[in-house]
Amino acid sequence: MLEVNNRIRIPLREFHFRFSRSSGAGGQNVNKVNTKATLRWRVAGSASLPGDVRERFLLKFRRRITGEGELVLTSQRFRDQGRNVADCLEKLRGMLEEVARPPKRRAATKPTRGAKERRLREKSERSDLKKTRGRVREDD
């Protein structure tokens, strides 16, 4: 079971792992052993995830989710399957922790009187600068 907090607990049966050969250097081991772990999880269909958390997760990580609603995570940091599986689960735990708490609502504020005056003064200075850019006429 993947425990994120007391509200979010996901059973491991919801995850599907596939293993393949890792890329990069690693000597003879890299050519023979399937150590790279790929985790697939149907986020949209998960009953273990509260609705509000699911919505925030789907919104925040929409680029990592396939058209079928599956999240795909991979790990090939380590030279054995078990540690790569644990690494995938740890990545997922971190992602879920990010969206577990609802975002704070922004408190509406008003600009200060000084800020308004500065803005208007800068606008008028910019306007004056642009007025001097006109054509030179010989009316005089």
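The values are calculated or read from the model by the stated rules, or taken from the named source; none is laboratory data. What you are looking at is a predicted structure, and each value in this text was computed from that prediction instead of being measured. Don't worry about glycine lacking a Cβ; one is built from the backbone with ideal geometry, like all the others, and counts go over all protein chains shown. Just the protein is used for accessible areas: all its heavy atoms, side chains included, with ligands, DNA and RNA removed. Shrake-Rupley method; radii C 1.70, N 1.55, O 1.52, S 1.80 Å.
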Can I get the semi-axes of region 77-140's equivalent ellipsoid? Compute them from the C-alpha gyration tensor as square roots of 5 times the eigenvalues, in angstrom, largest first.
61, 22, 7
For the chain, calculated [θ]222 nm from helices alone, where every DSSP H run of n ≥ 4 adds -39500 (n - 2.57)
-12500 deg cm²/dmol
Based on Cβ point charges of +1 for Lys and Arg and -1 for Asp and Glu, what charge dipole magnitude is obtained for the chain about its Cα centre, in debye rounded to the nearest 20?
360
Just name one of F15, A37, V53: the one whose Cα is farthest towards the positive end of the charge dipole of region 1-80 (beta-carbon charges, Lys/Arg +1, Asp/Glu -1).
A37
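Using per-residue counts of other Cβ atoms within 10 Å, averaged over each peptide, order 104-117, 10-23, 37-50 from highest down. Intermediate values should be presented prior to the final figure.
Details: 104-117: 7.7, 10-23: 13.7, 37-50: 16.8.
The peptides rank, most packed first, as 37-50, 10-23, 104-117.
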Running a GNM on the chain with Cα contacts under 10 Å, which residue among V33, V85, V53 ends up with the highest mean-square fluctuation?
V33
Taking a 32 Å limit on the Cα-Cα distance, which of the listed pairs K104/K130; K36/K60; K32/K60; K60/K130 fall beyond it?
K104/K130; K32/K60; K60/K130
Sequence neighbours fewer than 8 away in the same chain don't count; with that in mind, list the aspartates and glutamates whose C-alpha is under 20 Å from K116.
E125, D128
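Helix by helix through the chain, keep the DSSP H runs that span 18 Å or more along the axis on Cα and average at least -0.5 on Kyte-Doolittle, and give those back in order.
Values: long enough: 81-100 (28 Å, -0.35); 113-131 (27 Å, -2.35).
Taking the DSSP H segments of the chain (at least 18 Å long, mean hydropathy at least -0.5), we get 81-100.
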Can you pull the accessible area of L129 for me, 1.4 Å probe, Å² to the nearest 10?
80
If the chain between F17 and A100 were fully stretched, how many nm would it gain, using 0.36 nm times the residue separation less the Cα-Cα distance?
27.5 nm
